[in-house]
Structure formats: C-alpha cells, structure tokens
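Rule-based calculations on the coordinates, nothing more; no lab input. The structure displayed is predicted, hence computed values, not measured ones. Virtual Cβ from ideal backbone geometry, glycine too; neighbours counted across all protein chains shown.
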Amino acid sequence: MAVNRERVENGGLIALVVLVTLALLLVVSDFIGALLWAALAAILFQPLFHRLLARFPDRRNTAAALAILIITVAVVIPAIIIASLVVDQAAGVYSQMLSGQINFGLYFEQVHDALPLRLQRLLDNSGFNSLEQAQASLARAVGSSASMLATRALSIGANAAGFLLAFGVGLYITFFLLRDGDDIGPAIVRAMPLERSVAERLADKFAAVVRATIKGSGIVALVQGAIGAATFWVVGLPAALLWGVLMAIAALLPAIGPALIWAPVGIYLLATGAIWQAAIVILSGVLVIGLADNILRPILVGRDTGIPDWLVLVTTLGGINLVGLSGIVVGPLAAGLFIAAWQVLTEQRLGDAPDTE
C-alpha cells in the first residue's frame, strides 16, 4: 500500500510539473524565439565570458556586461548595417522588376537560346510545353516571391516595436544566462528524469550541435556569402550584396547550398557572352566558395557532431518550414539529440546484454 501511495504521489507530482511547464510556455510563447536565441548566444559566447571573468575575478556582472557590449558591437551593429543595405538593394531590384528594367522571362529566353538544340528540346519537354509557358511560370514564381518579400517587409515594419521588444528581452536574458550559466546548466542536467551519465551526454551533444550549427555552419555561410558578394561585385552584377546574402542563406544547406546562387549566375553570363565574368564566377564558386566549407569548418567546430549531411539538409529545411528562421538551429539540434539518444540506448542495451561472443 505504501508503495502504491508513493507511486500515486509521484505521478501527481509529475502531472503538476507538466501542467505548470505548459502554462509557463503558454505565458512566454510570444518570446520563445528570443529565449531560444538568447540560450544559443549564451552557449556560443560562454568562452568569451570566461575569458573576461578571468580578467575580472569575482565580478561576474562586469564580465557579463562586457560580453554583451562586445556582442553588440561585433555582431549586432554590423548585422543591422548589412540588413539595411540589403533591404535597400532589394527595394531597388523590386522597383526595377515592376518597371520592366529587370525581366526574368527575357533572361530565361537568352539562356534558352544559347543552349544546344538537344538541351532546348529536353527543357521544353520536361514540364514546359513551350518557351512562353516556361517564361510565364518563371514570371509567376518570381512575382509570388516578390509579393511575399514585400508582405514580409511590411509586416516587419508594422511590428517594429514588437521586434525591438523581443530583441531587448533577448539581450537581457543573454546577460543572465552568461552570468549564471555555470549554475543553470548543471541544475538542468540534475533535474532531467534520466540517469546522470545519459543526461550529461545529451547535454554535451546539445552544446556540440549548437556550436557546429552556429559557429560552424553560420560563420562558414557568412564567409561564403561574403566571397560571393565580392565576386559578383567584381564582375559588375547589380545588387551584389543582396545576392551575397542570398548565397549565405543558401549556404546553410550542406553541399548544394552556395551553388544554388552562383551556378545560375555563371550559366547566365556564359549564355549572354560575358565569358570572362562567367569564368570568374564559376572558378570562384568551385575553387574558393566550395573549398571554404572544407577548410573552415574543422577549424571552427573542432570535432564532428556525427550528423550526416543529408540529415542536416532535411532537418534544416523541415525546421525552417516549421518554426521559420530558428529552424536553422532547431532542425539540426533535433537530429543531433535523436542520434545521441539512440546511441545511448544502444550502448545501454549492449552493455546490459550478456557477452555471447
């Protein structure tokens, strides 16, 4: 009877914890994104905080405040400047599309006419009954994307106050997570309803995936985008910074990402007779942008997270579709924890099983 009563009490306690946790999530639901990125920033910049703390021992508030100042100056302000320039260029491209100065249907026709006849027939037979239909489909796709971009821009403008509030909350939370992270992390691990070794391994995997996704994939994508923007500027492509940012976003997808931007540009330049410009774009894409990932990622990450590239690709796309921009981290994080949990389960089962060899 005592055992049953204890089980009932434990079940009631678990139910209460679940209910109050759900209630808390409901209350802070508008700031989930800010909380997530604050936690990610705290994990990523924890080494910086520890270095500052070594210079100012027993002054955790000072070290955390200096870390926030460095993050603001080195990351936030440059990001705001680049974002404003990109919005400027995007608005210019959109205006040129509306006025007809930029005609994607004409560009498609130029590329189509420059292809060998066999490739032209293959293109016409693969879902497009005629060149006009291909141009119409492309125009609809571009028009839809432009409309969505304009809608999102208006939405961001209308919700500027909400964005600034969430941004301020994120910085505020990051300060406390940096300052108290050495206590919060172990407390979460102790509170997890798992064996201590399993909880610690999952926590290590969480930190490793965050580091690999932001410090590895994020910085590598920024470098590839910067190289792409410089390359496009050299060959005289309009709105080079805009295309570079698009390449940085595409570079978050493993293997194929950057080529989604530079390959069509190179093909268009070849088709329109800009041979040396096309050669620069293609050589830069293959030799410089393509190798940046292989060179920088091992230096920045330091160790493999054990997630296959195909799984990173699928989970990144799924995460973006599910939760938006935060899915860039949420998707691979879910994949990493999934693999780690199954590895731990397998090791425990093999460890408990009798040795039959």
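How would the stretch 176-250 be classified by its alpha-carbon gyration tensor: rounded, prolate or oblate, with rounded meaning a/c under 1.5 and the a/b versus b/c comparison settling the rest?
On the way: a/c = 5.51, a/b = 3.41, b/c = 1.61.
The shape class here is prolate.
Let me check against my output: what whole-number percent is the relative contact order of the stretch 189-346, with C-alpha pairs under 8 Å and at least 6 apart?
Relative contact order here is 25 percent.
Got a sec to turn the phi values of the stretch 31-36 into Karplus ³J(HN,Hα) couplings, 6.51 cos²θ - 1.76 cosθ + 1.60 with θ = phi - 60°, whole Hz, x for Gly and Pro?
10, 4, x, 5, 5, 4
Using mean Cβ contacts within 10 Å as the protection proxy, how do 169-180, 336-347 order, highest first? Numbers along the way, then the final one.
Details: 169-180: 18.9, 336-347: 15.0.
Top to bottom by mean Cβ count within 10 Å: 169-180, 336-347.
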